[in-house]
Amino acid sequence: MSDTPAVDRLATTLKQLLEVTGLSRGQIETYGKTQTPPVNLGKSKTSPWFNGKSVPEPGRPFNTLVGFLEDQAFRKVGRPKQGVGRWELLRKAAAEERRFLPSGSDDTAPPPQTVVNGASVAPSGPPSDSDRLKAGRLLDLLPPDGPWNAWLRKAATLFRVPLSVSHVVCDAYEALDGDVFDYVDPAVQEAHKVVLVRLEAFYDELNGMHDVSDEGRPFLEMSYPGTTAERNELNRQACQARDEFLSAYRILVNLLNARALLPSGSPAAQDVGSPGGEAGKPDIGVELLAGCTLEAGGIISVPVGLAGQEGRRGFSEPYYLVVRAANRGVHEVQIEDVRIEVDYGGGAPALYLFPPDGPGRKVQLPFRLSSHSGGQVLANAAELGHAVAQVGREHRALPQRVRPVARTGSGINYEGAWIALEDVSPFLLKALGGGAR
């Protein structure tokens, strides 16, 4: 597999399209000059795009080139058009890859360095807690040793993709797509961005396939666009998107390992009383997050500590508590209810149950977790704040810590890690109106 598959794919696809048209570089240059205003499509500019020596910049020259070539290929041989949007996706993937992994390097090459006062320096000190949280979230969604990864690496074709695999990929993309927090380590952030670009491309390929589970077949099936040759071309495109995603994912995981960001075990797996992982039993991880409403609309999930920071911009009411459950095993389970336990330092912890209906009266409980997938439920954060204050007044005691708990339909409790209340209280105060916005 090439070390720069996205760059190679863009160059190869461009070259193949040019060969179909039969156009010369001079004809392309002349066409650019006839545009209003003129567009530079000279040989010195476009040749590096066709041979993979450079990646086009976004904008009019690249869009004009691919639009012209596709029009000519359609007229000459009836080749279907991909459209400018599809080409931009290829270009963007190549650009992100070239920024992180220059051509001629390999997976073991040193990652980009942090720049301080114009000089490159190697990362120093232990990795940040926020980077650990972000890495852990990604690996919960896309576990390196998960069956999804093994199946994709071994699959010779993608004419059929099991739902147990496609669900993992699609759920991961939808969960990671709107994340506004970057890694502190710039090298890891660059690798993460490449993964998201390629994950989006593979996600689009899977979304173009047919779900035939209604017919009792638990997989996606490649569509039949008209001819066997066209269907084979769809398979080739899907396989390329798969290969590019897995390549970027491998680079990121290796980098996380080099940065000591691969968790030795999740908090949920380490907590006493959280069953899972044994043969025949599900393995469920549970974490407590903060749900914040963006000014542009929509809700994102972030670590509780980050959401409560003073001066954090871009968030507005309402605020939510989010409990996310991640299925790290192959056994499908149903999450029957979710609660937060509040420990006051004596006796049984007080309980706060999440409502069956979430924002917009959307039903959120119970829900099913398929193999290696995740799900979440939300509750208004102000409600927990009032509940904590009320119990504190009744017991004349201050709460010390909280933790999320998810219960399966079979009655097994999966407990998340305890979080000190001092780490949660800034966010609760913000939700109650007592903190900065």
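Things worth noting here:
- Peptides 407-419, 377-389 ranked from most to least packed by the mean count of surrounding Cβ atoms within 10 Å: 377-389, 407-419.
- Per-peptide packing, taken as the mean over residues of other Cβ atoms within 10 Å, places 46-52, 82-88, 168-174 in the sequence 168-174, 46-52, 82-88 from highest down.
- Ranked by the mean number of other Cβ atoms within 10 Å of their residues, highest first, the peptides 421-428, 143-150, 176-183 fall in the order 421-428, 143-150, 176-183.
- With R₀ set to 56 Å, the beta-carbon distance separating Val363 from Ser24 gives a calculated FRET efficiency near 0.40.
- In plain terms, the chain from Phe181 to Val77 could stretch by 32.8 nm, reckoned as 0.36 nm per residue minus the Cα-Cα distance.
- Heavy atoms of His210: accessible area, 1.4 Å probe, square angstrom to 10: 100 Å²
- Annotation: aspartates and glutamates with alpha-carbon distance below 15 angstrom to Lys154 (same-chain offsets under eight excluded): Asp145, Asp243, Glu244.
- Separation of the Ser130 and Thr34 label points, Cα + 7 Å toward Cβ, nm: 5.3 nm
- Under 19 Å from the Cα of Lys76 - lysines, other chains or at least 8 residues apart: Lys15
- Label-to-label distance for Val84 and Arg160 is 4.1 nm, based on points extended 7 Å past Cα in the beta-carbon direction.
- Placing a label point 7 Å from the Cα of Lys53 along the Cα-to-Cβ direction, the residues of region 14-41 whose backbone N falls under 20 Å from that point are 14-19, 24-30, 40-41.
- Rounded accessible area per residue of region 5-67, 1.4 Å, Å²: 48 Å²
- Amide H partners (placed H, <5 Å) of Gly358, local residues excluded: Val363, Gln364
- Gain in span if fully extended, Leu351 to Ser44, counting 0.36 nm per residue against the direct Cα distance: 103.7 nm
- Legend: residues Asp283, Asp214, sorted from most to least accessible area (1.4 Å probe; ligands, DNA and RNA excluded), read Asp214, Asp283.
- Spin-label pair His331/Arg217, simplified geometry with 7 Å Cα→Cβ offset, distance in nm: 3.0 nm
- Note that region 319-334 has calculated 3J(HN,Hα) couplings of 9, 10, 9, 10, 10, 10, 10, 10, 8, 9, x, 9, 8, 5, 9, 10 Hz, one per residue in order, obtained from phi through the Karplus relation 6.51 cos²θ - 1.76 cosθ + 1.60 (θ = phi - 60°); glycine and proline are x.
The values are calculated or read from the model by the stated rules, or taken from the named source; none is laboratory data. All of these numbers come straight from a predicted model, not from anything done at the bench. Quick reminder, even Gly has a Cβ in these numbers, built from the backbone with ideal geometry, and neighbours come from all protein chains shown. For the accessible areas, the whole protein counts, side chains as well, though only heavy atoms, and no ligand, DNA or RNA atoms are used. Shrake-Rupley method; radii C 1.70, N 1.55, O 1.52, S 1.80 Å.
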